[in-house]
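As structure tokens, the structure follows; a few thoughts come after it.
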Amino acid sequence: METQHRKWHPIAASSDLPLRHTFHGQLLGREFAVWRADDGYVNVWENRCLHRGVRLSIGINDGAELKCQYHGWRYANRTAGCTYIPAHPADAPARTICNRTYPAVERYGLVWSGETPDGELPEISELEAGSPCALRAIPVNAPADLVTKRLAEYRFQPNAKIDGQGAEITVETAQDGHLSLSSVDGEVSTKLLLFVQPVDSNRTVVRGVLSDRPKQEDELRVFLHHSRRLSSLRDLIEAEAAGLPVPEPMQPVIHRVSEELASMPEQTLSGRTAPLRVEVSRKWETAAGIAGLKLVPVGEQLPTFQPGAHIDVHMPNGLVRQYSLTNGPGETRHYTIGVKLEPDSRGGSQCMHREVREGDVLAISEPRNNFPLRRDAVKTLFVAGGIGITPLLSMARALHHSDLPHELHYFSQSEKHMAFPEVLERLGSGVVPHLGLDPAETGKQLKAILSRYQPAMHLYVCGPGPMLEATRKIAADHGWPDNSIHFEYFKNTNEVDDSSSFEIDLARSVMTLQVPAGKTILAVLRENGVDVPSSCEQGACGTCLTTLLEGEPDHQDVYLNESEKSSGNCIMTCVSRAKSGRLVLDI
Amino acid sequence: MTARRVNDWLEQELLDDWHVIADLESMEVGIDRRTKLFGVDLVATVFATSEIRVERPDTGRSVASQKKYGFLWASLGSPDRDVVEISEAREVDRHLVTGGSIAVNVSGLRLVENFLDMGHFPFIHTDYLGVEPHTEVPPYSVEISSDDELWTRDCRFFQPVASPTAKGGFMVDYVYRVIRPYTVSLYKSNPNQQERMDSIYLFVQPVDEENCVAHPYLCYLKDGIDEATVRWFMQLIFAQDKPILENQFPKRLPLDPRAETPIRADASSVFYRRWLRSHKINYGAITAAG
């Protein structure tokens, strides 16, 4: 049985995967949810939602993600990572919520997979040359070895003489789960490959593939011929199997979820690392002064991202910068970012613009999402200023794909300064450009956009500092509550005052440390071997957010909103400090 | 799986408890009703005298039985406590409705867990108990009471048609209560008299480890609603749950905390599974040890 687990088996026909369908497959007792995304990729997943075990084969294939029927959890094309949990719309799901995937190869009109197949799917020489044509699958209630044995007795006519009687059948190869038969009648001959899919110990699917597609006028008669004859053979095999003892059903192992998911997932701790390697597969000028970079993985599949997520890019010159992903849902073969050339660049954007070329390999972090998108709004407004479009583009694409009401207001100098025009075009009438406005005109326009707040509307803003401040203020003046306004700064332009010195207590690590003037909490933690996640390290991105248990914080970041700041229960350890002599952190 | 012999290992608490085995309204005098409890065949008969008998064909003996709340109850052991006390059943301004018995091909414990769950409302009971995009499950509290019941309080959820008489959507308050391993109830705000609660009790009949029958019992205020509508609404809701529950895999409820992935909204289920572990209830469950 073990050898069966290490082999490739057909589990579906290509025709079982029409547009946005989800197919229920099974192999060696294990069920699969098999679905094709709109980009053509075939996903073979364990047929269970990680949440409550509901079959994903009854889920909804939206072309980019598979959505579980029960609680609406969404899993991304390719990675099977969870991108959204509707019960907690303001949270970004833990990156480790990832369903089990199995290899998938589509060839000869069939989809092939296996538990842990060795090597590549072997070529089947008989099917390499012609135009293979898969027949209707025939399920049989009998063990696979019995079916394989009896299939050697299958008799059929060649395609070109389908109504004849006198064909000679030769069994050319017969091996475990795979037979090659040749039917010769006078001048004409046809090869038929029969693959035996062991569904369970007493259930098998026979998948026939003709080495050559019949002529169109013969097609129906050829298909009927095989359908009838294979069905008759099935009846004989099933009658024989009925006389044998019924084998125990197979018990596929259901793997346990990781330990950190067993309780409510918390943010995983990791330093500022760059475990991924990507190649710049394309670099182009997507707008005046803005470079588009398409990053493809070197080796492994890229991890799942969520709309609003950013990556740290470690540049050849040693600098680290954060860039938002612009990808749409299910677009998991690459990350695409937009980089604006900053005139007062400290070397980051200059390096990306001038030094990085197509073919270069960059080190990047896994995507982090500190700007999660809720999908439970009655309407969502996006306000983008300049390069602030990038995270909002990814968000708007997710809502657009799911037909959720939204407007994307894009403030830009001119049409030629608008980034990713080809993507904007696909978003259609949801995009509202506001071009060439001065600050006063921008304010007037924002007032018009934000004047009609209704409960359960949400606003996402990203852009230059002054515009962001203006938008937040106008929204607040028009009755938008703090928790409906979501924002992301590119950078913290506040002057950071690091003159204070104080003590920090780490509640969980049971440590007391001194933070001297001139040094950040984060740096002190690192020096003492406490690993905490961080990214921008200037109080803008939100990655180092830490729960504050006691003490009065001196907030110097631009990530937290006013009510979060005044709540006094969280702090950004990369820039913020203490007004009291001591802070107790939940670390 | 099905081969385990019931009296050898069935938890005493379950063996000695009362379980609904039929809705009396669905039984006719003199016509035998065949059913199962914990995998044991039972034959129930109602006589013209209105007496009842429940017999085990495997032993030829009768088992303990009684009629209450419109149901026929049986116990395979020696009951040391009565069926659950329902005080609302004495309030004269309520309809007391048996909701029709619905067989579901899944462990009864999975059914209880689904009853405790709000997160599925927008997806399974679309346009009735929930609707997208109102999917958020706000924090709520869970506790074990001094008499060892599981109470879930301060549950709130936006519902477009919370009950048959609701006009338009509103935030509905819920209280859930697990009374016994296979008995659960909920109390939700009545749309007309928001200070009073309608209540629903769910008595789950464990047919075997992977099959159950849901017997709902509804205590709805009569104000503005008739009995048939109450029953129709409940059957609609249960019929929406059934196909989802029958697609849960494995069919028994896993008690290993790492078998599935709980989120904050699942606090009630996390507590329920823990509570079952502490009661050493394994019937219909996959134990943590495997």
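The values are calculated or read from the model by the stated rules, or taken from the named source; none is laboratory data. From a predicted model like this one, the values you see are computed outputs, not experimental measurements. Heads up, the Cβs are rebuilt from the backbone with ideal geometry, glycines too, and the neighbour counts pull from every protein chain shown. SASA here: full protein model, heavy atoms, side chains in, ligands and nucleic acids out. Shrake-Rupley method; radii C 1.70, N 1.55, O 1.52, S 1.80 Å.
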Given R₀ = 25 Å, FRET efficiency for residue A:90-residue A:584 by Cβ-Cβ distance, to 0.05?
0.45
In square angstrom and rounded to 100, what buried accessible area do you get between chains A and B, total over both, with the probe at 1.4 Å?
3200
Scattering profile of segment B:3-75 at q = 0.22 Å⁻¹ [log10 I(q)/I(0), Debye over alpha-carbon scatterers]
-0.98
Please report the spacing between the Cα centers of segment A:117-186 and segment B:213-288 in Å, no decimals.
49
Check the straight Cα-Cα distances from residue A:161 and name the lysines below 29 Å, setting aside those fewer than 8 residues away within the same chain.
A:149, A:191, A:215
Neighbourhood charge, 11 Å Cβ-Cβ cut-off, centred on residue A:424 and excluding it, Lys, Arg +1 and Asp, Glu -1:
-1
What aspartates and glutamates could a cross-link reach from residue A:491, if we take a straight Cα to Cα line under 14 Å and drop same-chain neighbours fewer than 8 places away?
A:312, A:342, A:344, A:469, A:537, A:557
Could you bin all the Cα-Cα distances of segment A:1-122 into 5 Å bins starting at 0 and give me the percent of pairs in each, rounded to whole numbers?
2, 12, 22, 24, 18, 12, 6, 3, 1, 0
At q = 0.09 Å⁻¹, base-10 log of I(q)/I(0) for the protein assembly as shown (Debye sum, equal scatterers on each alpha carbon)
-1.08
Percent carbon-and-sulfur accessible area, chain A, ignoring ligands, DNA and RNA, probe 1.4 Å:
49
So with the 1.4 Å probe, I'd like the accessible area per residue for the protein assembly as shown, rounded to whole Å².
42
Per the Debye formula with a single identical scatterer at each Cα and no solvent contribution, what log10 I(q)/I(0) holds for segment A:379-488 at q = 0.11, 0.15, 0.17, 0.21 Å⁻¹?
-0.30, -0.57, -0.74, -1.16
Karplus (6.51, -1.76, 1.60) ³J(HN,Hα), θ = phi - 60°, over segment B:69-86, in Hz, Gly and Pro reported as x
6, x, 10, 9, 10, 9, 9, 7, x, 10, x, 10, 8, 7, 5, 4, 7, 10
Residue ranges of DSSP H helices in chain A that stretch 15 Å or more (Cα, own long axis) and have mean Kyte-Doolittle hydropathy of at least -0.5 are A:219-242, A:389-401, A:439-450, A:465-477
Whole-Hz Karplus ³J(HN,Hα) for segment A:61-74, in order, using 6.51 cos²θ - 1.76 cosθ + 1.60 and θ = phi - 60°, x for Gly and Pro?
8, 9, x, 10, 9, 10, 10, 6, 5, 6, 10, x, 4, 10
From phi via Karplus (6.51, -1.76, 1.60), per-residue ³J(HN,Hα) for segment B:232-244 in Hz, x at Gly/Pro
4, 5, 5, 5, 4, 5, 5, 5, 6, 6, 3, x, 5
Taking residue B:68 as the anchor, which lysines have their alpha carbon closer than 20 Å to its alpha carbon, excluding any fewer than eight residues away along the same chain?
B:36
Residue pairs, from the table A:447/B:167; A:67/A:447; B:167/B:242; A:379/B:222, whose Cα atoms sit over 30 Å apart
A:447/B:167; A:67/A:447; A:379/B:222
